[in-house]
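The block underneath contains the structure these notes are about, expressed in structure tokens.
The values are calculated or read from the model by the stated rules, or taken from the named source; none is laboratory data. Computed from a predicted model, the values in this text were never measured in an experiment. We place every Cβ from the backbone using ideal geometry, glycine too, and count neighbours over all the protein chains shown.
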There are 2 protein chains.
Amino acid sequence: MPVNKMPTIYDIAKEAGVSYSTVSRTLSGFEFVKESTREKVLTAANKLGYVPNQQARSLAGGPSNLIGVLVPTLANDYITQIIHGIDDELTKSSYNLILYTTNRHQGKEATYAAAIMNGAADALLLVAPLITDPYLDVLREQNFPYVLIDQADQSDQSTAVNTNNQKGAYEATKYLILLGHRRIGFIAGLPQLNSAIERFAGYKKALADHSLPFHESYVAPGRFTSGDGYTAAQQLLNLTPPPTAIFAANDLSALGAMEAIREHGLRIPDDISLVGFDDVPQAPIVYPKLTTIRQPLHQMGHEGARLILEQLADPLMDIRRVTLDTELIIRDSCAPPRA
Amino acid sequence: MPVNKMPTIYDIAKEAGVSYSTVSRTLSGFEFVKESTREKVLTAANKLGYVPNQQARSLAGGPSNLIGVLVPTLANDYITQIIHGIDDELTKSSYNLILYTTNRHQGKEATYAAAIMNGAADALLLVAPLITDPYLDVLREQNFPYVLIDQADQSDQSTAVNTNNQKGAYEATKYLILLGHRRIGFIAGLPQLNSAIERFAGYKKALADHSLPFHESYVAPGRFTSGDGYTAAQQLLNLTPPPTAIFAANDLSALGAMEAIREHGLRIPDDISLVGFDDVPQAPIVYPKLTTIRQPLHQMGHEGARLILEQLADPLMDIRRVTLDTELIIRDSCAPPRA
DNA sequence: ATATGTTTTACAAGCGCTTGCAAAAAAATG
DNA sequence: CATTTTTTTGCAAGCGCTTGTAAAACATAT
């Protein structure tokens, strides 16, 4: 309900003594404007404190200068870190960020997508959407610029940013093996998630590559929560013989496992080693500090934003695919097994 | 760059056999539309997959259905939790969230505010802005709806949500006193921040109310970071006699202090007690679990969003002020002092 | 049946901007 | 200097919607 009206290009035109279309052209960086005219316009705009009206601009066919970011939830540190990465990249540009949280709007995804393409944003960043289909179809059909972040796109038709989950898991497992462990438990993640599947695959491959047997009983189910990690670790610890090391598919599970291990009267890393995945902010703070596989979350957001920015600058750009490497962060939760 | 154009109210009008303004009135909930007409319109809109164009709507004088959220940064868990609270409340409404991160745009705050009021959003939520003046002036002047979240507004002219920092700090300190501690160190926060000032005041008041002397030397400076907490704790631990308990102005400092205490060969809570402030996600996970003062961050966002929603519904609503209480969360980091 | 009042619909204008097209101005050419 | 070419500017239309105003349709009373 602003009371004072903001100045429009007409006001500037009058002030500068030119026509409004000249003002428009000057302001949106048109080339054929005489230098002296440009300056007159700029001065007038400045004097009047002109700020372009995005709505009008985009309605008239210009860009909205908004990039939509679709996330499943904000209740997750992992998501917010990615958003942070996106935001960092976007602040370098002239784009602002419009955030859509979809968890509450189950089933309305397609409507959302429609609204977004309806001028609400110039492009879309899809962060780890569980169900991508409803969007992707519409998006592709309309040739609307978008990129997938941390999301498996089976069809390979989308520009996307991912981490090398399998490789990360492989390294974690290999690290434990090289430390001398032979019985390595695995706490799995949400089986619907591609990341969980890949991590499990990495674990198995490392075992196989080092001629270690894979036992189904050493795999405990989980859903990436610390509660599940706790339960899973209990289950693993009750095995005979119990594993001498546990690799949890994410840090949250690992943190839960820590608790269970402690309650079991075991010490980390003396009695049992533990590796996580993600490198959440807690990882370096817990005691003992958690050895883990770092996911470059911030960088994923960053890269995703960069890709979309490039695509916006050059709409004809091909579909691209960026895979970021994880990193083994060695801290205090691992040691060779007890003699 | 959508290729297929979205249907407009004209398309619906044709489909339903009415005029476009009837469509508009039906869609924006106007009362004088015959029931049968309304149904015809709704059916047509549905059939065509109509989605209103927000830009056009707001340009024509309607609402943008967007609420701007201005945050200093996203690099902070504390901020993202508040955003989460805001988002939760907003998803219940028809509003979407447009996020502005201001840290990079130092000095451009006023321009930002102008752009927002220029139709980009219907209202503004200011989360813990360090410098509020440039916005507030413009905002108030234009009578634009906004609310301050976790932000001291000296002038008392703004609807705002805050926590009772002083009371929280008072309770933390009192808790330590009742446990029997006499020498209680304090790790301070960023002195520019109102919250830091209030927490310090609460600490002093608790001391005074329980006839305990206040010693300047027991106050170590900090800036709410874990690094500062570490340094501050070292400083306190080197005092003679050292404090038997430390109250850190936020959890991050407390976490840093934990590290320093451990390095000093002291055990928590046996040798020294520790209380934090915030109740960050790490607090219940670190070892030992941190006793702290919970800030209802999510609820703050939630309340802020609620206030703005109410204000939007009734523009004449008076300025309001909500102060949320903190809560002492007792975990494992405190015990009576050594005999 | 006519007059009167009320509900419902249609038309027009305009929100602030972009952009195609044409006219004007400036520069280059003969 | 007239003519052609190029650069610069202005006008008009239109993006999709809301809303004031006026006309049409309907209901009610006379």
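For segment A:254-265, state whether one or more residues are in contact with a Phe, Trp or Tyr (Cβ under 7 Å, 6 or more places away or on another chain), surrounded by fewer than 24 Cβ atoms within 10 Å (Cβ to Cβ) and not basic (Lys, Arg).
Yes.
I'm checking my understanding of the structure. Among residues of segment B:23-32 that are assigned to a helix (DSSP H, G or I) and not charged (D, E, K, R), which one is farthest from DNA strand C (Cβ to nearest atom)?
Step one: of segment B:23-32, the residues assigned to a helix (DSSP H, G or I) are B:23-27.
When the remaining residues are screened for being not charged (D, E, K, R), the result is B:23-24, B:26-27.
On the way: B:Val23: 8, B:Ser24: 8, B:Thr26: 8, B:Leu27: 12 Å.
Ranking the candidates gives B:Leu27 first.
As an exercise: evaluate B:Gly62 against (1) within 11 Å of DNA strand C (Cβ to nearest atom); (2) closer than 30 Å to B:Thr102 by Cα; (3) in contact with a Ser or Thr (Cβ under 6 Å, 6 or more places away or on another chain) and give the number of the one condition it does not meet.
The number of the failed condition is (3).
Considering only residues that are within 11 Å of chain B (Cβ to nearest Cβ) and part of a loop (DSSP other than H, G, I, E, B), look in segment A:140-160 and name the one that is surrounded by the fewest Cβ atoms within 10 Å (Cβ to Cβ).
For segment A:140-160, the residue satisfying everything is A:Asn143.
Given the condition at pLDDT 95 or above and either away from every other protein chain (no Cβ under 12 Å) or surrounded by 15 or more Cβ atoms within 10 Å (Cβ to Cβ) (or both), answer yes or no: does some residue in segment B:278-285 qualify?
Just the residues of segment B:278-285 that are at pLDDT 95 or above, to begin with: none.
For segment B:278-285, residues at pLDDT 95 or above and either away from every other protein chain (no Cβ under 12 Å) or surrounded by 15 or more Cβ atoms within 10 Å (Cβ to Cβ) (or both): absent.
Taking the residues in segment A:208-230 that are of a type in the set (Gly, Ala, Ser) and surrounded by 13 or more Cβ atoms within 10 Å (Cβ to Cβ) as candidates, determine which candidate is nearest to the other protein chains (Cβ to nearest Cβ). Show your work before the answer.
Within segment A:208-230, the subset of a type in the set (Gly, Ala, Ser) is A:208, A:211, A:217, A:220, A:222, A:226-227, A:229.
Okay, now just the ones that are also surrounded by 13 or more Cβ atoms within 10 Å (Cβ to Cβ), so A:220, A:222, A:226-227, A:229.
Details: A:Ala220: 20, A:Gly222: 17, A:Ser226: 8, A:Gly227: 12, A:Gly229: 11 Å.
Filtering first and then ranking leaves A:Ser226.
Of the numbered conditions (1) at pLDDT 95 or above; (2) under 26 Å from B:Pro63 (Cα atoms), B:Ile184 fails exactly one; give the number of that condition.
(2)
Just the residues that are surrounded by 16 or more Cβ atoms within 10 Å (Cβ to Cβ) and either more than 7 Å from DNA strand D (Cβ to nearest atom) or of a type in the set (Ser, Thr, Tyr) (or both), please, taken from segment A:23-35. If you could, list the steps in order and put the result at the bottom.
So the first thing to find is which residues in segment A:23-35 are surrounded by 16 or more Cβ atoms within 10 Å (Cβ to Cβ), and the list is A:23-27, A:33.
Within segment A:23-35, A:Val23, A:Ser24, A:Thr26, A:Leu27 meet the criteria.
Can you say whether B:Arg38 is within 12 Å of DNA strand D (Cβ to nearest atom) and either without any contact (Cβ under 8 Å) to a residue 12 or more places away in the chain or out of contact with any Pro (no Cβ under 6 Å at 6 or more places or on another chain) (or both), as far as the supplied structure shows?
No: the conditions fail for B:Arg38.
Can you confirm whether segment B:310-327 contains a residue that is out of contact with any Gly (no Cβ under 6 Å at 6 or more places or on another chain) and buried (at least 23 other Cβ atoms within 10 Å of the Cβ)? Break it down into steps so the answer makes sense when it comes.
Taking segment B:310-327 and keeping what is out of contact with any Gly (no Cβ under 6 Å at 6 or more places or on another chain), we get B:310-325, B:327.
With buried (at least 23 other Cβ atoms within 10 Å of the Cβ) added as a condition, the list becomes none.
No: segment B:310-327 contains no residue that is out of contact with any Gly (no Cβ under 6 Å at 6 or more places or on another chain) and buried (at least 23 other Cβ atoms within 10 Å of the Cβ).
Report yes if A:Pro288 is farther than 30 Å from A:Leu97 by Cα and out of contact with any Asp or Glu (no Cβ under 7 Å at 6 or more places or on another chain), otherwise no. Outline the logic, then answer.
On the way: farther than 30 Å from A:Leu97 by Cα: yes; out of contact with any Asp or Glu (no Cβ under 7 Å at 6 or more places or on another chain): no.
In short, no.
Which residues, counting only those in segment A:44-77, are closer than 30 Å to B:Gly85 by Cα, surrounded by 22 or more Cβ atoms within 10 Å (Cβ to Cβ) and more than 8 Å from chain B (Cβ to nearest Cβ)?
A:Ile67, A:Gly68, A:Val69, A:Leu70, A:Val71
In segment A:311-320, is there at least one residue being away from chain B (no Cβ under 14 Å) and either touching a Phe, Trp or Tyr at 6+ places or on another chain (Cβ under 7 Å) or more than 24 Å from A:Gln81 (Cβ to Cβ) (or both)?
Taking segment A:311-320 as the starting set, the residues that turn out to be away from chain B (no Cβ under 14 Å) are A:318-320.
Filter again for either touching a Phe, Trp or Tyr at 6+ places or on another chain (Cβ under 7 Å) or more than 24 Å from A:Gln81 (Cβ to Cβ) (or both), leaving A:318-319.
Looking through segment A:311-320, at least one residue is away from chain B (no Cβ under 14 Å) and either touching a Phe, Trp or Tyr at 6+ places or on another chain (Cβ under 7 Å) or more than 24 Å from A:Gln81 (Cβ to Cβ) (or both).
Mind checking whether some residue in segment B:272-279 is under 28 Å from B:Gln157 (Cβ atoms) and without any contact (Cβ under 8 Å) to a residue 60 or more places away in the chain?
Looking for residues that are under 28 Å from B:Gln157 (Cβ atoms) and without any contact (Cβ under 8 Å) to a residue 60 or more places away in the chain, one finds none in segment B:272-279, hence no.
Those residues that are within 10 Å of DNA strand D (Cβ to nearest atom), more than 10 Å from A:Ala44 (Cα to Cα) and assigned to a helix (DSSP H, G or I), I need them from segment A:10-22; list them, please. Give the steps one after another, and end with the answer.
Initially, segment A:10-22 is screened for residues within 10 Å of DNA strand D (Cβ to nearest atom), giving A:13, A:16-22.
Now narrow it down to the ones that are more than 10 Å from A:Ala44 (Cα to Cα): A:18-22.
Once the filter is applied, which keeps residues that are within 10 Å of DNA strand D (Cβ to nearest atom), more than 10 Å from A:Ala44 (Cα to Cα) and assigned to a helix (DSSP H, G or I), segment A:10-22 yields A:Tyr20, A:Ser21, A:Thr22.
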